[in-house]
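Q: I'd like to ask you about the structure that follows.
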Amino acid sequence: MARIFAFPDRDEPRRVTEGAYVSLNLYNTLTRRKEAFEPLDPKNVRMYVCGPTVYDYAHIGNARPIIVFDVLFRLLRHVYGADHVTYARNITDVDDKINARAAERYPDMDPLSAIAKLTGETTAQFHEDIAALGVLPPSVEPRATDHIEEMKALCEALVKRGHAYVAQDHVLFDVPSMKDYGRLSNRSLEEMEAGARVDVAPYKRDPMDFVLWKPSKAGEPAWASPCGIAAPGRPGWHLECSAMSEKHLGKVFDIHGGGIDLVFPHHENEVAQSRCAHGTPVMAQVWMHNGFLQVEGEKMSKSLGNFITIHELLATDKFGGQPWHGRVVRFAMLGTHYRQPIDWTVERLAQARSTLCELADMLADVEPAAAPNEDVINALSDDLNTPSAISIVHGLAKSARRGNAEVAAELKASLRFLGVLGDETRADLSVGQSAPEVDAGKVEALIAARLAARKAKDFKEADRIRDELAGMGVALKDAKDAKTGEIVTTWEVKS
Ligand SMILES: [Zn+2]
């Protein structure tokens with residue numbers, strides 16, 4: 001049975017193996033149901049995900065959408081072909097938080113150089129962090145400051161079409177001008193206005209109107225303004241994603257993703273900007289949102305002291321008294337379905353590590369198959385059901401442990417596909433632990449096999465087992481039991 005499939009022409013159904021069709025189903029926030037995914041153009045499946053604002057280390061909650069949509073990116077590439085998917089994940093490099101942090105961190109530099117230094121360093125750190133989590137680079141990683149002209153053009157188009165207005169050097173989106181504003185987040189305008197009527201800026205016609213462009217203060221990044229405004233200014237946050245998605249993916253594209261906290265107002269406002277500027281019925285066909293992350297049962301916050309960055313998790317002992325390998329972090333993250341809230345605990349990480357270590361031991365000498373297991377793909381095709389994919393992985397491991405070499409090869413390919421295990425060994429995965437974690441049951445079984453080999457005078461096999469144990473970091477000590485005269489082997493983990 002052919003495991004590698006030819007990427008089909010448009011008219012042909014997609015297939016993984018002869019006779020088996022991949023049908024991809026995704027939950028759509030816009031329609032509030034799971035739907036069969038039909039790309040606008042199977043030759044160019046387009047996905048946009050809101051990326052980080054680069055002013056500080058990304059926290060572990062930020063890692064969730066990055067990992068989740070990386071799995072979806074891998075799945076789309078598998079189904080439609082690696083050359084037929086465009087994934088854009090942006091970098092927000094103009095923002096009030098960036099300005100404030102740059103001034104605080106580099107008070108002696110001129111503001112623009114300080115901002116450039118801060119965003120450059122933070123972006124490099126972000127790339128380093130997520131590479132350790134096994135995340136593939138997106139097809140394109142646009143930066144807001146490289147798309148100022150596109151943002152200005154959107155302001156002009158929105159004013160021209162009667163969906164935005166200029167007031168006190170601001171360009172504002174006229175929310176009541178859009179009849180179905182609130183559709184994505186499922187809120188009525190009355191409801192939203194009631195919540196917004198606190199401290200409304202005097203230049204807004206309606207409390208819900210939001211900023212597309214605003215004047216810059218001295219020392220802040222500033223560009224020539226659109227719409228006849230003389231004062232130099234800068235874009236509001238929501239505008240950049242409308243501009244960058246249009247430039248890299250088109251006016252209407254397939255999938256837009258992000259954390260559930262972005263549905264309102266950020267994504268609602270992206271939709272408003274894009275649809276009203278282009279006169280399109282939707283911005284993206286499918287909207288996907290990952291659930292919240294909490295830490296040890298509590299909301300993560302700096303004031304609670306449980307705020308944890310990806311860097312701290314990977315490189316310090318802040319969480320659980322030890323650093324954790326990036327693959328372990330990724331595996332732990334995928335143990336919960338992306339739409340569910342996830343509770344980030346030390347126990348979750350320890351379990352993930354123990355599972356990955358066992359798999360790494362078992363698959364050390366296995367050549368991966370050319371393609372991942374079909375059931376794993378099918379589980380992911382059901383709205384990215386990673387817990388189900390992982391339970392299939394456990395089943396495959398059981399079969400591989402019984403000696404099924406073909407399944408072992410497929411298992412290894414599946415783990416690579418999920419990005420949870422590459423060539424790492426138990427020792428790699430146990431980074432920062434005083435001694436590598438070993439599976440005591442497995443050690444005892446190998447010792448028993450070695451003693452049996454010795455009794456049968458198969459010293460070659462006995463030595464091979466001793467070497468295998470040494471490779472796991474286990475040292476053996478043989479001694480004769482004084483009473484029985486039998487050889488008794490004790491073992492310890494080498495530090
Ligand atoms: Zn966005």
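Q: Please figure out what share of the DSSP beta bridges in the chain is antiparallel and state it in percent, rounded to the nearest 5.
A: Of those bridges, close to 55 percent are antiparallel.
Q: Right, something else. Provide the per-residue ³J(HN,Hα) series for region 281-298, in order, calculated from phi with Karplus coefficients 6.51, -1.76, 1.60 and θ = phi - 60°, each as a whole number of Hz, with x at glycine and proline positions.
A: So the J values, rounded to whole Hz, are x, 9, 8, 10, 5, 10, 10, 10, 9, 8, x, 6, 10, 10, 10, 6, x, 10.
Q: Rounded to the nearest 20 debye, what is the charge dipole size of the chain about its Cα centre when +1 sits on each Lys and Arg Cβ and -1 on each Asp and Glu Cβ?
A: 600
Q: Right, next: Using θ = phi - 60° and the Karplus curve 6.51 cos²θ - 1.76 cosθ + 1.60, what whole-Hz ³J(HN,Hα) does each residue of region 72-86 get, with Gly and Pro shown as x?
A: After applying 6.51 cos²θ - 1.76 cosθ + 1.60, I find 5, 4, 4, 5, 4, 5, 5, 6, 9, x, 4, 8, 10, 10, 10 Hz.
Q: In addition: Run through every distinct alpha carbon pair of region 183-224 and return the Kirkwood hydrodynamic radius in angstroms, one decimal place.
A: Evaluated over region 183-224, this radius sits at 12.7 Å.
Q: Leaving out ligands and nucleic acids, note down the accessible area per residue over the chain with a 1.4 angstrom probe, in whole Å².
A: That works out to 45 Å² for each residue.
Q: Still on this structure, I have one more. Taking the Cα centre of region 337-412 as origin, sum charge times position over the Cβ atoms of Lys and Arg (+1) and Asp and Glu (-1), and report the length of that vector in debye to the nearest 20.
A: The calculated dipole for region 337-412 is roughly 220 debye.
Q: Please label the shape of region 213-367 as rounded, prolate or oblate, based on the square roots a ≥ b ≥ c of the eigenvalues of the alpha-carbon gyration tensor (a/c under 1.5 means rounded; beyond that, a/b larger than b/c means prolate, else oblate).
A: prolate
Q: Percent of Cα-Cα pairs more than 18 Å apart in region 288-329, please.
A: Here the long-distance tail beyond 18 Å is 33 percent of all Cα pairs in region 288-329.
Q: Right, something else. Provide, in order from the shortest bin, the percent of all Cα-Cα pairs of region 58-132 in each 10 Å bin, continuing until the bin that contains the maximum pair distance.
A: It works out to 16, 36, 28, 14, 5, 0, in whole percents.
Q: Would you mind telling me the share, in percent, of accessible area of region 131-179 contributed by carbon and sulfur at probe 1.4 angstrom? Please report the intermediate quantities before stating the final value.
A: Numbers: 1110 of 2160 Å².
Summing carbon and sulfur atoms, their accessible area is 51 percent of the total for region 131-179.
Q: Sticking with this one: Calculate the dipole size of region 215-311 relative to its Cα centre from +1 charges on Lys and Arg beta carbons and -1 charges on Asp and Glu beta carbons; express the result in debye to the nearest 20. Working shown, then result.
A: Numbers: 7 positive and 9 negative charges, 56 e Å.
My answer is approximately 280 debye.
Q: Then there is this: Over the alpha-carbon set of region 312-414, work out the extent along each principal axis and list the three values in angstrom, largest first.
A: 41, 32, 20
Q: Moving on. What share of all Cα pairs of region 151-227, in percent, falls into each consecutive 5 Å distance bin?
A: 3, 15, 23, 21, 18, 12, 5, 2
Q: For a distance above 43 Å, tell me the whole-number percent of Cα pairs in the chain that qualify.
A: 27
Q: For region 354-459, what is the Kirkwood hydrodynamic radius in Å, using each pair of distinct C-alpha atoms?
A: 15.1
Q: Just the number, please: Stokes-Einstein D of region 291-359 in µm²/s, Kirkwood Rh from C-alpha pairs, 10 °C, 1.306 mPa s.
A: 128
Q: Just to check I understand the Karplus step: with θ = phi - 60° and J = 6.51 cos²θ - 1.76 cosθ + 1.60, what whole-Hz values come out for region 248-254, glycine and proline as x?
A: Result, rounded to whole Hz: 9, 10, x, 5, 10, 9, 7.
Q: Return the equivalent ellipsoid semi-axes of region 407-495 as a descending list in whole Å, where each equals the square root of 5 times an eigenvalue of the C-alpha gyration tensor.
A: Square roots of five times the eigenvalues give 31, 17, 9 Å.
Q: Please report, in whole Å³, the volume per residue of the convex hull around the C-alpha atoms of region 34-169.
A: 169
Q: What are the residues whose amide H is under 5 Å from the amide H of Asp254, where those residues sit 5 or more places off or on another chain and H is modelled from the backbone?
A: Hits under the 5 Å cutoff: Arg46, Gln285.
The values are calculated or read from the model by the stated rules, or taken from the named source; none is laboratory data. The structure displayed is predicted, hence computed values, not measured ones. Glycine also receives a Cβ, built like all others from the backbone with ideal geometry; neighbour counts cover every protein chain displayed. Note: areas computed on protein heavy atoms with side chains; ligands, DNA, RNA excluded. Shrake-Rupley method; radii C 1.70, N 1.55, O 1.52, S 1.80 Å.
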